[in-house]
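S.K.: A single structure is presented below for examination.
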Amino acid sequence: MKVLVINAGSSSLKYQLLDTNTQEVLAKGLCERIGIDGKFTYKAPGKEAIDAKDVAMPTHSEAIQAVLDALVDPANGVVGSMQEIEAVGHRVVHGGETFASSVKIDDKVMAALEECIPLAPLHNPANITGIKACTKVMGPDVPQVAVFDTAFHQTMPPVAYTYALPYEYYEQDKVRRYGFHGTSHKYVTQRAADMLGKPIESLKLISCHLGNGSSIAAVCHGKSVDTSMGFTPLAGLPMGTRSGDLDAGILEFLMNKYGMDIKEMLNVLNKKSGVQGVSGVSSDFRDLGSAAAEGNTRAALALDMFSYGVKKYIGAYAAAMGGVDAIIFTAGVGENDAQQRMAIADRLEFMGVKMDADANNVRGKEAIISAIDSKVKVLLIPTNEELMIALDTAALA
Ligand code: AMP
């Protein structure tokens, strides 16, 4: 089935057209600066690429139209007509407690998505706009499916998702750990079971999604039982520019000292913290590696804090699950940064993790990077959220 996968932001829209039978990407690209001055890119194997500025895109509807025009273009398109696109899969950030799996979109689902807006006020409205734009441009008969970042983690038990706050905040306001990157954690843990040749129901896995945003998930017998992100994606590990967990008392101290309101404080925590904030160099691990190699001690500290943070989660989640069969590395840092992987696994030999330095010298492709006699297998698995979204969409459409 040919499925169009859409990831709509407030002023951007990423798209991929996939064939779920062959798992091939037929075309992909990005609409940016929607509502401003419209930028459009399109890439399809063997076809002329598009990289256009000043494309009229006052709303997401024109952006979707531009995507469809490119896909059906007689010279450089990849489908004969729009009818060949059988379904659309949308990445939706927050499904709250309502959605524990992907769902075919209808009026009832749209209403429930609107109800989830307070939980993700920046992201969910953009996702909803993307869905409405597809309905408007493609018509109501093309099935659309919502695939949630939070859904995979809905299997967490209360002991993992409850915050130690007055319980009314959970009951009345749904303040709890939700977790994110669920589509990625689901995809790589399924692939891990395939690579290990064992049913996922028999495995205890720790999935490390380490990118610009990072999260770790404990996946026991195929179900997420804990994860490092929380009510929002600000929690857990230090990230590119996000602080991760910190003592909430720091907020009051800094807000008083520098006269910041909560919006300014959150801007610091989301945009100016993490490895960027500590190093003062960059949020990109490649820049940090170069700076550390040249003797920049703050860049080295930021890298060490990151690997130390991941290591602590691995220890915690192995304890939570009563063991671990395999650790998975994925996303930009996890797939590409052999040094970080080595630093994270260092001193985990006590729990049966033994790396193979040569096997670890690999980038961006599936590999077993632990030693043959390692009790706990360590796997590198490139994530593929779009494929996961397309497969869920094809199953439900
Ligand atoms: P993601 O959010 O998954 O796209 O990951 C993006 C991050 O991956 C970038 O900010 C980089 O820090 C990191 N990254 C990408 N390539 C490399 C590489 N070759 N070595 C180290 N880090 C990398």
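S.K.: Can you give the accessible area of MET305, probe radius 1.4 Å, in Å² rounded to 10?
M.R.: Here the residue's solvent-accessible area equals roughly 80 Å².
S.K.: For the stretch 152-221, what is the relative contact order in percent, using Cα pairs closer than 8 Å and at least 6 residues apart in sequence? The partial results should precede the final answer.
M.R.: Details: 65 pairs, mean separation 16.8, N = 70.
The normalised contact order for the stretch 152-221 reaches 24 percent.
S.K.: Here is a further query. Expressed as a rounded percentage, what relative contact order does the stretch 1-106 have, with Cα pairs under 8 Å and six or more residues apart?
M.R.: 25 percent
S.K.: Under the rule a/c < 1.5 gives rounded, and otherwise a/b versus b/c splits prolate from oblate, where does the stretch 309-375 land using the Cα gyration tensor?
M.R.: Since a/c reaches 1.5 and a/b is larger than b/c, the shape of the stretch 309-375 is classed as prolate.
S.K.: Restrict the search to the stretch 248-294; then list the GluC sites (Glu not before Pro) that DSSP places in a loop and that have at most 12 other Cβ atoms within 10 Å of their Cβ.
M.R.: On the way: sites: GLU252, GLU264, GLU294; in loops: GLU294.
Passing both the DSSP loop test and the Cβ count: GLU294.
S.K.: Counting DSSP beta bridges with both partners in the chain, what percentage is antiparallel, nearest 5?
M.R.: The antiparallel fraction comes to roughly 65 percent.
S.K.: Moving on. Tell me whether the stretch 129-206 comes out rounded, prolate or oblate; compute the Cα gyration tensor, take square roots of the eigenvalues as a ≥ b ≥ c, and use a/c under 1.5 as the rounded threshold.
M.R.: oblate
S.K.: Sticking with this structure for a sec: Give me the net charge of SER81's neighbourhood, meaning all other residues with Cβ under 15 Å from the Cβ of SER81; Lys, Arg count +1, Asp, Glu -1.
M.R.: Local net charge: -4.
S.K.: Report the relative contact order of the stretch 201-280, percent, no decimals, based on alpha-carbon pairs under 8 angstrom and at least 6 residues apart. Spell out each step's value before the answer.
M.R.: On the way: 120 pairs, mean separation 18.0, N = 80.
Relative contact order here is 23 percent.
S.K.: Related question: Given the pairs LYS311/LYS377; LYS186/LYS223; LYS14/LYS271; LYS43/LYS104; LYS14/LYS43, which are separated by over 18 angstrom at their Cα positions?
M.R.: Values: LYS311/LYS377 15 Å; LYS186/LYS223 9 Å; LYS14/LYS271 22 Å; LYS43/LYS104 28 Å; LYS14/LYS43 12 Å.
Result: LYS14/LYS271; LYS43/LYS104 exceed 18 Å.
S.K.: Determine the sum of side-chain charges near ALA338: Lys and Arg each +1, Asp and Glu each -1, restricted to other residues whose C-beta is under 14 angstrom from that of ALA338.
M.R.: Values: positive: ARG286, ARG341, ARG363, LYS365; negative: GLU335, ASP337, ASP346, ASP356, ASP358.
Summing Lys/Arg as +1 and Asp/Glu as -1 gives -1.
S.K.: Moving on. Considering only protein heavy atoms and a 1.4 Å probe, what is the carbon-and-sulfur percentage of the accessible area of the stretch 239-341? If you can, show how the numbers build up before the last one.
M.R.: On the way: 2810 of 5260 Å².
Carbon-and-sulfur percentage of accessible area, whole number: 53.
S.K.: Also, quick follow-up: Of the chain, which part is the longest with no trypsin sites (Lys or Arg not before Pro) in a loop (DSSP not H, G, I, E, B) and with at most 14 other C-beta atoms within 10 angstrom? If you can, show how the numbers build up before the last one.
M.R.: On the way: sites that count: LYS53, LYS272, ARG347, ARG363, LYS365, LYS375.
No qualifying site falls inside 54-271, the longest such stretch.
S.K.: Quick check: Cα centre of the stretch 23-75 to Cα centre of the stretch 342-381, how many Å?
M.R.: Cα centres, the stretch 23-75 to the stretch 342-381: 40 Å.
S.K.: Over the chain, with a Gaussian network built from C-alpha contacts below 10 Å, which listed residue (GLY230, GLY197, GLY274) shows the highest mean-square fluctuation?
M.R.: GLY197
S.K.: Roughly how many Å² is the accessible area per residue of the stretch 1-85, as a whole number, for a 1.4 Å probe?
M.R.: Values: 4120 Å² over 85 residues.
In whole numbers, the stretch 1-85 has 49 Å² accessible per residue.
S.K.: Next question. Counting only helical runs of four or more DSSP H residues, what would the 222 nm mean residue ellipticity of the chain come to if each run contributes -39,500 (n - 2.57) and the total is spread over all its residues?
M.R.: My calculation for the chain gives -11500 deg cm²/dmol from helical runs alone.
S.K.: Right, another one. Any chance you could look up the accessible area of THR98 with a 1.4 Å probe, heavy atoms only, rounded to 10 Å²?
M.R.: 90 Å²
S.K.: ASP69 to GLU294: extension gain in nm, 0.36 nm per residue of separation minus the Cα-Cα distance?
M.R.: The ASP69-GLU294 span can extend by a further 76.1 nm.
S.K.: In the neighborhood of PRO382, defined by Cβ-to-Cβ distances under 11 Å, what is the net charge if each Lys or Arg adds +1 and each Asp or Glu adds -1?
M.R.: Here the charged neighbours net out to 0.
S.K.: Pop out the carbon and sulfur fraction of the accessible area of the stretch 1-121 as a percent, whole number, probe 1.4 Å.
M.R.: 50 percent
S.K.: Here is a further query. Got a sec? Charge dipole of the stretch 298-383, +1 on Cβ for Lys and Arg, -1 for Asp and Glu; which of GLY334, ALA316, LEU348 is way out at the positive end?
M.R.: So the residue furthest toward the plus end is ALA316.
S.K.: I would also like to ask the following. Take the Cβ-Cβ distance between LYS311 and ASP358 as r, set R0 to 25 Å, and report the resulting FRET efficiency rounded to the nearest 0.05.
M.R.: For LYS311 and ASP358, the calculated efficiency is 0.70.
S.K.: Same structure again: Report the convex hull volume per residue for the chain, counting only C-alpha atoms, in Å³.
M.R.: On the way: hull volume 64.6 nm³, N = 397.
Enclosed volume per residue, from the Cα hull, is 163 Å³.
S.K.: OK, next. Give the span of the stretch 82-131's Cα atoms along each principal axis, as three whole-Å numbers ordered largest to smallest.
M.R.: So the extents along the principal axes, rounded to whole Å, are 36, 20, 16.
S.K.: Could you state, as a whole-number percent, how many of the C-alpha pairs of the stretch 1-133 are farther apart than 20 Å?
M.R.: Within the stretch 1-133, distances greater than 20 Å cover 47 percent of Cα pairs.
S.K.: If you build a Gaussian network model of the chain, linking Cα atoms that sit under 10 Å apart, which residue out of VAL333, VAL25, VAL225 swings the most?
M.R.: It is VAL25.
S.K.: Tell me the per residue accessible area of the stretch 310-382 using a 1.4 Å probe; a whole number in Å² is fine.
M.R.: 46 Å²
The values are calculated or read from the model by the stated rules, or taken from the named source; none is laboratory data. Keep in mind that this is a model prediction, so the values were computed, not measured. Quick reminder, even Gly has a Cβ in these numbers, built from the backbone with ideal geometry, and neighbours come from all protein chains shown. These area figures cover heavy atoms from the full protein model, side chains too; ligands, DNA and RNA do not enter into them. Shrake-Rupley method; radii C 1.70, N 1.55, O 1.52, S 1.80 Å.
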